[in-house]
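Worksheet for the structure shown next.
Just so it is clear, none of the values below were taken in a lab; they were calculated from the coordinates. Remember, predicted model here, so these are calculated numbers, not experimental data. With ideal geometry, Cβ positions are generated from the backbone for all residues, glycine too; neighbour counts draw on all protein chains shown.
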Ligand SMILES: [Zn+2]
């Protein structure tokens with residue numbers, strides 16, 4: 001806490017930047033009280049602990065996710081928020097890991113680090129078997145292994161080189177990175193056109209691999225995951241993509257949440273160093289035997305309204321109560337750890353923002369609504385479902401009455417690092433206003449609003465529906481390199497002061513948006529809003 005400036009000094013600092021006649025409810029004394037409550041009496045770390053260690057992992061459609069949602073509703077109600085409720089939508093089956101172990105037993109015993117891949121089925125108990133390296137990149141090559149794989153443990157990928165950990169693991173935005181963040185990129189020709197022909201062909205081949213392994217009766221498939229050397233791109237900023245090995249693993253999908261999807265072979269991702277040893281031994285003619293036990297559980301979708309749950313609560317507004325400011329973050333996580341930085345931290349900060357305002361007994365002019373989304377990890381499904389239900393139905397092109405009343409949506413989903421600004425989504429009309437609001441938290445590290453657009457999280461459905469939806473800019477720290485979607489997204493990686501700052505900044509922005517004389521300006525409604533991702 002020592003790094004935060006005292007409130008009295010803050011008032012002096014920002015008094016010059018805000019007009020003497022503040023709009024109703026936006027006097028500096030009120031902003032100062034919000035900051036003091038958020039900084040000096042923050043409960044954000046406690047929220048993260050409950051979410052990342054008790055109700056975890058929070059994969060959508062699982063009992064832990066349901067408990068997390070109920071826990072959040074209970075907190076909202078205890079704090080005095082109104083209308084705490086769940087909104088369900090169809091998802092498919094949930095999935096949890098029950099047990100996993102993997103050992104090399106010959107040539108000598110070694111405990112192997114790994115995790116079942118998401119939606120993998122179970123092995124038939126612990127399987128003790130020979131490992132076969134299937135070298136195939138086409139159906140014809142695959143066919144050569146016919147009749148040889150029954151009961152076998154299969155590996156298919158070649159060895160991948162392991163880099164020394166000599167690059168940056170902790171990503172802080174320096175001058176160069178900040179400069180990139182503050183400028184709208186000129187899109188390269190042909191960018192963003194979906195998967196390439198090669199990617200689609202690879203996908204089709206993976207499906208036939210699964211079909212082949214299932215029909216041949218293979219016991220399990222093991223892979224070694226990928227890092228950013230193998231899968232470059234896919235990030236909004238050039239320097240953000242970075243995954244490191246060293247025992248942290250980033251498993252991929254090993255099945256489907258649709259119970260009617262074709263069966264897949266049980267599969268797991270091993271730490272690359274352990275995987276490489278297995279493949280090198282086989283390539284040099286040394287037989288490898290392993291014991292692997294993958295026990296997972298599918299949770300059928302039993303509720304007719306769906307097993308995915310958005311969790312919603314409100315601080316009712318006063319004279320503009322029918323207008324709404326929304327704060328959101330996704331509550332769901334990957335199934336491998338506590339989902340601490342993705343996204344217990346974002347959820348906790350948004351919860352903290354409403355707790356602070358409510359605890360001070362402040363009455364906003366507009367309603368402040370907090371939303372904790374489900375199924376962000378499957379393609380922003382929770383926020384999409386909400387936007388479709390309340391604001392804009394892309395399928396029919398229907399703009400709903402609530403559309404006009406949304407004053408702003410703010411999202412948090414980039415880990416534990418502090419808030420440095422707002423991605424402006426090309427909404428030039430809103431940027432000046434957001435900059436002005438940010439002045440009240442400049443001493444806490446808020447720097448600027450970027451005209452850039454970013455993707456891949458829950459502000460996108462709002463943005464695509466012509467609503468003023470924004471994601472905060474955050475320091476990434478270990479997010480890309482270590483915690484995001486990994487086996488190590490744990491409470492230990494949460495940075496307390498940064499998380500406290502997130503709650504304070506979110507509360508101040510919510511308060512401004514809820515009391516500013518006008519709603520945030522909007523971009524033009526997209527011609528065909530809401531389509532694509
Ligand atoms: Zn996330």
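Mind ordering 268-276, 103-111 by average Cβ neighbours within 10 Å, highest first?
268-276, 103-111
Given R₀ = 30 Å, FRET efficiency for residue 496-residue 29 by Cβ-Cβ distance, to 0.05? Walk me through the numbers on the way to the answer.
Working: r = 27 Å, r/R0 = 0.91.
The formula returns an efficiency of 0.65 here.
Would you give the gap between the C-alpha center of the stretch 375-437 and the C-alpha center of the stretch 32-87, rounded to a whole Å?
Rounded to whole Å, the Cα centres lie 21 Å apart.
By how many degrees, 0 to 90 and rounded to 10, does the Cα axis of helix 428-438 deviate from the longest principal axis of the chain?
So the helix axis and the longest Cα principal axis differ by about 80 degrees.
Taking only the alpha-carbon positions of the stretch 361-484 and ignoring solvent, what does the Debye formula give for the base-10 log of I(q)/I(0) at q = 0.21 Å⁻¹?
With no solvent term, the Cα-only Debye profile gives -1.34.
To the nearest Å, what is the center-to-center distance of the stretch 470-492 and the stretch 275-318, using C-alpha atoms only?
19 Å
How large is Rg/Rh for the chain, to two decimals, with Cα atoms and a Kirkwood Rh? List each step's numbers first, then the result.
Working: Rg = 24.6 Å, Rh = 24.5 Å.
My calculation puts Rg/Rh at 1.00.
Kindly express, to the nearest 10 degrees and within the range 0 to 90, the angle between helix 496-515's C-alpha long axis and the longest C-alpha principal axis of the chain.
It works out to around 50 degrees.
Please compute the modelled spin-label separation between residue 199 and residue 237, points set 7 Å along Cα→Cβ, answer in nm with one decimal.
A separation of 2.2 nm, rounded to one decimal place.
Stretched out fully, how many nm does the piece from residue 139 to residue 54 gain, at 0.36 nm a residue minus the Cα gap? Each step should come with its number before you reach the end.
Details: separation 85, 0.36 × 85 = 30.60 nm, distance 4.55 nm.
That pair, residue 139 and residue 54, stretches by 26.1 nm at full extension.
Which angle from 0 to 90°, rounded to the nearest 10, does the C-alpha axis of helix 381-390 make with the longest principal axis of the chain?
Approximately 40 degrees, to the nearest ten.
For 309, 278, 357, what's the fewest-to-most ordering of other Cβ within 10 Å of each Cβ?
Ascending number of Cβ neighbours within 10 Å: 278, 357, 309.
Rounded to the nearest 5, what % of the DSSP beta bridges within the chain are antiparallel ones? Present the calculation step by step, with values, prior to reporting the outcome.
Details: 38 of 67 bridges.
Percent antiparallel among DSSP bridges in the chain is about 55.
So how do 42-52, 505-515, 64-74 stack up, highest first, on mean other-Cβ count within 10 Å?
Averaged packing, sorted descending, gives the order 505-515, 42-52, 64-74.
Starting from the 7 Å offset along Cα-to-Cβ, what nm value, one decimal, do you get for the label separation of residue 186 and residue 78?
The two pseudo-label positions are separated by 5.5 nm.
Taking every pair of Cα atoms in the stretch 423-533, average 1/r, invert it to obtain the Kirkwood radius, and report Rg/Rh to two decimals. Show your work: numbers first, answer last.
Values: Rg = 15.7 Å, Rh = 15.7 Å.
Radius of gyration relative to Kirkwood radius: 1.00.
Normalising by the residue count of the stretch 327-467, find the relative contact order in percent from Cα pairs under 8 Å and 6+ residues apart.
Result for the stretch 327-467 is 28 percent.
Express in nm, to one decimal, how much length is gained between residue 360 and residue 404 on full extension, taking 0.36 nm for each residue of separation and deducting their alpha carbon distance.
12.9 nm
When only alpha-carbon atoms count, how far does the stretch 249-326 stretch along each of its three principal axes, as whole angstroms with the largest first?
Over the stretch 249-326, Cα extents along the principal axes are 78, 29, 18 Å.
Considering the Cα positions of the stretch 75-131, please state its Rg to one decimal place and its Dmax as a whole number of Å.
Considering the stretch 75-131 through its Cα atoms, Rg and Dmax are 20.9, 63 Å.
How many nm separate the modelled label positions at residue 207 and residue 396, each set 7 Å beyond the Cα in the direction of the Cβ?
For the pair residue 207/residue 396, the computed spacing is 3.2 nm.
Sort 99, 243 so the one with the fewest other Cβ atoms within 10 Å of its own Cβ comes first.
99, 243
If the chain between residue 443 and residue 22 were fully stretched, how many nm would it gain, using 0.36 nm times the residue separation less the Cα-Cα distance?
Stretched out fully, the residue 443 to residue 22 stretch lengthens by 149.6 nm.
State the three equivalent ellipsoid semi-axes of the stretch 209-366, derived from the C-alpha gyration tensor as the square roots of 5 times its eigenvalues, in descending order and whole Å.
Ellipsoid half-lengths, sorted descending, are 45, 22, 13 Å.
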